[in-house]
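The values are calculated or read from the model by the stated rules, or taken from the named source; none is laboratory data. Because the structure is a prediction, the values reported are computed rather than measured. Neighbour counts are summed over all protein chains in view; Cβ atoms, including those assigned to glycine, are modelled from backbone coordinates with ideal geometry. Surface areas here come from the heavy atoms of the whole protein model, side chains and all, with no ligands, DNA or RNA. Shrake-Rupley method; radii C 1.70, N 1.55, O 1.52, S 1.80 Å.
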Amino acid sequence: MKPILAEVITIGDEILFGQITDTNTQWIGAELTKIGIRTVRKSSVGDTREAILAVLDEATQRADLVILTGGLGPTKDDVTKVTLCEYFNTTLERNPEALAFVTKFFESRGRQITEINARQADLPLNCTYVANDWGTAPGMWFNENGTVYVSLPGVPFEMKNLMQYRIIPMLQKHFETPVIVHKMIRTVGIGESFLAETIADWENNLPAHIKLAYLPHFGQVRLRLTGTGTDSIHLKEEIDAQVQAVLPLIQPYVFGYDDDELETIVASLLAQKNWMLATAESCTGGFVASQITKYSGSSSYFVGGVVSYSNTVKVSQLGVKPETLAQFGAVSEQTVREMAEGVRKVLGANVGIATSGIAGPNGGTPEKPVGTIWIACSTEKQTVARLLKLGPFREQNIQQTSVYVFNLLRQTLLDEL
């Protein structure tokens, strides 16, 4: 079956100026994948006739489906509809169905429709009107010379609902698409290149219709298996069999699948033991605690934390010995061990985790350069510490440290189950 190829285009100067973040193309690409349509390119252009015409010419040469978002407002700076008329050699005409909808939209809110509002109903003659139940800018569907073009409002809430409830069903009816199945293996504690070497033989023997992608991010690597076929049940069985074949090679590094996160896996392990967690943070400045508490229900396994940025707080609140700091320094195995043990005891938790290091970009020394970070995990049974040697970038170091300390916690909990 021939794959259906799509291109997604966002229109708006505010995106190019960095005033808003484009989340539309990512979301659309994910939704198209679910119905077997492959996105081959995403792009953003400004609110100019020339830019829109140029990107449409390029997209038409590559794609069976072109989706545009943005530029559909009633004001003069929104030029998408006028430019589409030029591209398709047609004119705008007030659509009675669209006008009735917009009129009802404003009347239901106790407002009189104005001429500017009514312009939302002005549509290219060659398009199919797609009602927008969530706003006033309608969707437009064009079918020209074998290519489908869909124009949607840029407001994410309106765009997502139009796609989900209107456009996706229309696309499924219009195109004969293959079945696409994804499976994600979530790994931590092994670099992308080492992981690739470890599973090279398995990867080389994957069938042609199952592809593997490596997706690294802050100390983790996601292995994404993507299968293409006609039978979803059979395809899922094939992919599951491939997962079982590779697991013996990478089992120590696998912490979950698909949408699993390290924090949720840790939460599940804490719940199994009915344990409470406490955190002591220096270089991460509370980031670890924030990653825990961003999930609802974290109060059932997280008792609290101490951001012990200064040595004074390490001593007075966590019980770190002054002589430990004097002899070994704040960034040391000895100090981070006492931090983890101290926070566990002070807050009455079953397990404590701690971080202490030089996040950068300043503060490093020849003996302890930027990126030198110690982490520890303490239970009544044991205290384990690890040395991290990261890079010069502060934000990256903080996020990677969070990943590594959660993985140390995961490994400790598994040892004690």
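Can you list residue pairs whose Cβ atoms sit under 9 Å apart, with the first residue in segment 364-383 being among the charged types (D, E, K, R) and the second being surrounded by fewer than 21 Cβ atoms within 10 Å (Cβ to Cβ) and at pLDDT below 95? Count only pairs 6 or more apart in sequence or on different chains.
These pairs meet every condition: 381/415; 381/416.
Residue by residue through segment 151-181, note down the ones that are over 16 Å from residue 33 (Cβ atoms), of a type in the set (A, V, I, L, M) and at pLDDT 95 or above.
Scanning segment 151-181 gives 152, 159, 162, 170.
Mind listing whichever residues of segment 63-82 are in contact with a Leu (Cβ under 6 Å, 6 or more places away or on another chain) and part of a helix (DSSP H, G or I)?
If the condition is that a residue be in contact with a Leu (Cβ under 6 Å, 6 or more places away or on another chain) and part of a helix (DSSP H, G or I), then 80 is the only one that fits.
Is it fair to say residue 30 is small (Gly, Ala, Ser), open to solvent by less than 40 Å² (accessible area, probe 1.4 Å) and outside any loop (DSSP other than H, G, I, E, B)?
So residue 30 fails the test.
Go through the residues of segment 39-61 one by one and say whether even a single one is closer than 30 Å to residue 230 by Cβ, touching a Leu at 6+ places or on another chain (Cβ under 8 Å), not in a helix (DSSP H, G or I) and not aromatic (Phe, Trp, Tyr).
Yes; the residues of segment 39-61 include at least one that is closer than 30 Å to residue 230 by Cβ, touching a Leu at 6+ places or on another chain (Cβ under 8 Å), not in a helix (DSSP H, G or I) and not aromatic (Phe, Trp, Tyr).
Among the residues of segment 220-241, which ones are open to solvent by 60 Å² or more (accessible area, probe 1.4 Å) and part of a strand (DSSP E or B)?
222, 224, 228 - these are the residues of segment 220-241 that are open to solvent by 60 Å² or more (accessible area, probe 1.4 Å) and part of a strand (DSSP E or B).
Name the residues in segment 254-278 that are under 16 Å from residue 295 (Cα atoms) and in contact with a strand residue (DSSP E or B) (Cβ under 7 Å, 6 or more places away or on another chain), would you?
260, 262, 265, 270, 276, 277, 278
Matching residues to (1) among the acidic types (Asp, Glu); (2) closer than 18 Å to residue 409 by Cα; (3) open to solvent by 30 Å² or more (accessible area, probe 1.4 Å):
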site	(1), (2), (3)
283	no, yes, no
289	no, yes, no
296	no, no, yes
304	no, yes, no
313	no, no, yes
327	no, no, yes
344	no, yes, yes
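Go through segment 288-318 and report how many residues are under 12 Å from residue 347 (Cβ atoms) and of a type in the set (A, V, I, L, M, F, W, C).
The qualifying residues number 5.
Here are the criteria: (1) touching a residue at least 60 places away in the same chain (Cβ under 8 Å); (2) within 18 Å of the chain's Cα centre (by Cα). Tell me which single one residue 36 does not satisfy.
(2)
Are there strands (runs of 3 or more DSSP E) fully within segment 242-339 with at least 1 residues that are touching a residue at least 60 places away in the same chain (Cβ under 8 Å) and closer than 23 Å to residue 380 by Cα? List them.
So the answer is 277-281.
Residue-wise test of (1) closer than 26 Å to residue 173 by Cα; (2) open to solvent by less than 10 Å² (accessible area, probe 1.4 Å); (3) not aromatic (Phe, Trp, Tyr).
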{"residue": "54", "(1), (2), (3)": "no, no, yes"}
{"residue": "70", "(1), (2), (3)": "yes, yes, yes"}
{"residue": "75", "(1), (2), (3)": "no, no, yes"}
{"residue": "99", "(1), (2), (3)": "no, no, yes"}
{"residue": "104", "(1), (2), (3)": "no, no, yes"}
{"residue": "113", "(1), (2), (3)": "no, no, yes"}
{"residue": "125", "(1), (2), (3)": "yes, no, yes"}
{"residue": "135", "(1), (2), (3)": "yes, yes, yes"}
{"residue": "141", "(1), (2), (3)": "yes, no, no"}
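Identify the residue in segment 33-52 that is within 24 Å of residue 170 (Cα to Cα) and of a type in the set (D, E, K, R) and, among all such residues, is surrounded by the most Cβ atoms within 10 Å (Cβ to Cβ).
38
Consider segment 392-406. How many of its residues are open to solvent by 10 Å² or more (accessible area, probe 1.4 Å) and in contact (Cβ under 8 Å) with a residue 24 or more places away in the chain?
Number of matching residues: 9.
I'm trying to understand the selection: among the residues of segment 1-18, which are surrounded by fewer than 19 Cβ atoms within 10 Å (Cβ to Cβ), under 20 Å from residue 70 (Cβ atoms) and over 20 Å from the mean Cα position of the chain (by Cα)?
13, 14, 16, 17
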